[in-house]
1. Return the residues of segment 54-73 that are within 13 Å of the ligand (Cβ to nearest atom) and not charged (D, E, K, R); say none if nothing qualifies.
2. Confirm whether E97 is of a type in the set (D, E, K, R) and closer than 22 Å to T3 by Cβ.
3. S122: of a type in the set (S, T, Y) and over 24 Å from N26 (Cβ atoms), yes or no?
4. Inside segment 88-123, can you point out the residues that are of a type in the set (S, T, N, Q) and in contact with a strand residue (DSSP E or B) (Cβ under 9 Å, 6 or more places away or on another chain)?
5. Could you check how many residues of segment 100-123 are surrounded by 14 or more Cβ atoms within 10 Å (Cβ to Cβ), under 24 Å from C39 (Cα atoms) and near the ligand (Cβ under 10 Å from one of its atoms)?
6. Just wondering, is there one or more residues in segment 14-34 that are β-branched (V, I, T), surrounded by fewer than 16 Cβ atoms within 10 Å (Cβ to Cβ) and more than 17 Å from T98 (Cα to Cα)?
7. Going through N61, N43 one at a time, which residue ends up being touching an Asp or Glu at 6+ places or on another chain (Cβ under 9 Å) and not small (G, A, S)?
Amino acid sequence: KETQAEKFLRQHMDPDTSTVTASYCNKMMKHQNIMVGDCKLVNTFIHEPLPDVQAVCFQGNVPCKNTKPNCHKSSSKMRITDCHLKKEAKYPKCEYETQQLRKSIIVTCEGNPYVPVHFNGSV
Ligand code: 139
């Protein structure tokens, strides 16, 4: 069975891509099997090396959006792509806006090793 850490990798890591095209999110949200029974509203892909993203678990402690305490904010900005579901999209035709950004990421980390399991947002 897939662990939460593996799920984070599948849903949020794409280190080898540096420039994305307009169709990036439509392709990735399907290929990475991110929609199961419903269209996911927002999903962020991170275009940085895995060790740099794992290191965020040991950077600034910040409160999570949902009041849990275990969130960490990256000390540097990262290359990310936000995929936002288009308003008119209906499952199984999940259509996405692709937006390339450079922002600090906020992730939740858990376990031993202490690794990212949830993408909390970007600032
Ligand atoms: P999710 O199932 O939310 O978390 P994603 O991150 O891919 O999966 N967990 C926490 N979950 C929520 N908040 C915390 N503080 C948690 N601490 C631990 C995966 C697992 O992590 C655990 C939970 O047990 C959970 O099973 O916000 C909803 C989805 O939208 C995405 C991220 C999230 O899904 N999103 C939101 C983005 O990708 N980018 C954004 O900018 C905003």
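1. Within segment 54-73, C57, N61, V62, P63, C64, N66, T67, P69, N70, C71, H72 qualify.
2. No.
3. no
4. Result: T98, Q99, Q100, S104, T108, N120, S122.
5. Residues meeting the conditions: 11.
6. Looking through segment 14-34, none of the residues is β-branched (V, I, T), surrounded by fewer than 16 Cβ atoms within 10 Å (Cβ to Cβ) and more than 17 Å from T98 (Cα to Cα).
7. N43
Let's see how each residue does on (1) out of contact with any Phe, Trp or Tyr (no Cβ under 9 Å at 6 or more places or on another chain); (2) of a type in the set (V, I, T):
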| position | (1), (2) |
| --- | --- |
| R10 | yes, no |
| P15 | yes, no |
| T19 | yes, yes |
| K27 | yes, no |
| I34 | yes, yes |
| D38 | no, no |
| N43 | no, no |
| I46 | no, yes |
| L50 | yes, no |
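Bear in mind these aren't lab numbers, they're just calculated from the coordinates by the rules spelled out. Note that this is a predicted model, so its numbers are computed, not measured. All Cβ positions, glycine included, derive from the backbone under ideal geometry; neighbour counts span all protein chains shown.
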